[in-house]
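All of the numbers you see were taken from the coordinates with simple rules; none came from a lab. Given the structure is predicted, the values throughout are model-derived calculations rather than measurements. As a convention, Cβ positions derive from the backbone with ideal geometry for all residues, glycine included, and neighbour counts pool all protein chains shown.
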Amino acid sequence: MSPTPNLQDLIQSVRADVADGDPVAQLARAAEYAADLSRLGDRLLDHFVFQCRQAGMSWAELSAALGVSKQAAHKRFTDLAPTFQRFTVKARSVVQGATDQARALGHRTIGTEHLLLASFEPADSLAALTLARLGLSREAVAAEVERRTPRGETDASGAIPFDQKAKDALRGALDEALELGHNYIGTEHLLLGLQRDEGFTSAQILVALDAPRDVVRSTLLERLSEIVAERAKQTPKMD
């Protein structure tokens, strides 16, 4: 088990980050640390509550484990809407594109398959570049989507909600970002999130197209390393 950072460790980290000893700057950095720890704690609870729900635990059992009322647990963890504060512009474009994909297919909810379809744009996003390197085309994915979830009879209109698996995939994207040590959520994290659970339609489609999770992950990380190296070459060195 990794040791939890103690107060002194955090104080030293803040002081190391703000080398000039400016107390106001240190306070601002400490506030960022506190917010990050709070978000991480929330994600930790979300992860294990989701795991317990998948295992069939009731809200009464969960509330007892959490030490809160059943009503409080249900309100805190039920139907959590995805938040996009840390999503990059391209990642937000994918999410919006998923809405367009669902509407075009006449589907009443946005699923992981629509997020996968939307991952081909923008074409220069890391997700799209990874899918291209894997030899996957939007047409092939679209054919699999329609085979598994046929078109609706009429175009869907109005607001289209995310289904539960799509919400889980979006939250999974945050988990992927945290595991990689990134403070943002990009299209690469979305793509990994779409394979985080083998029950996701997106994950099943990728496996059917010979792109299982380990292959997607290794290909994506390889492309990410290349981009980082390319940017490092373009950054002027200071004398």
Using a simple spin-label model with points 7 Å from Cα along the Cα→Cβ vector, what separation in nm is obtained for VAL24 and ALA65?
-> 4.7 nm
So which aspartates and glutamates pass the test for LYS70, namely a Cα distance under 19 Å, with those fewer than 8 places away in the same chain ruled out?
-> ASP42, ASP46, GLU61, ASP79
Under 5 Å from the placed amide H of ILE110, counting only residues 5+ away or on other chains, we find PHE162, ASP163
Taking LYS90 as the anchor, which aspartates and glutamates have their alpha carbon closer than 12 Å to its alpha carbon, excluding any fewer than eight residues away along the same chain?
-> GLU121, ASP124, GLU188
Calculate, for ALA143 and ASN6, the FRET efficiency according to 1/(1 + (r/R0)^6) with r their C-beta to C-beta distance and R0 45 Å; round to the nearest 0.05.
-> 0.25
Positive-pole candidate from PRO161, LEU126, ALA142, dipole of region 89-231, charges at beta carbon = PRO161
Under the definition of Cα pairs under 8 Å and six or more residues apart, what whole-number percent is the relative contact order of region 149-235?
-> 19 percent
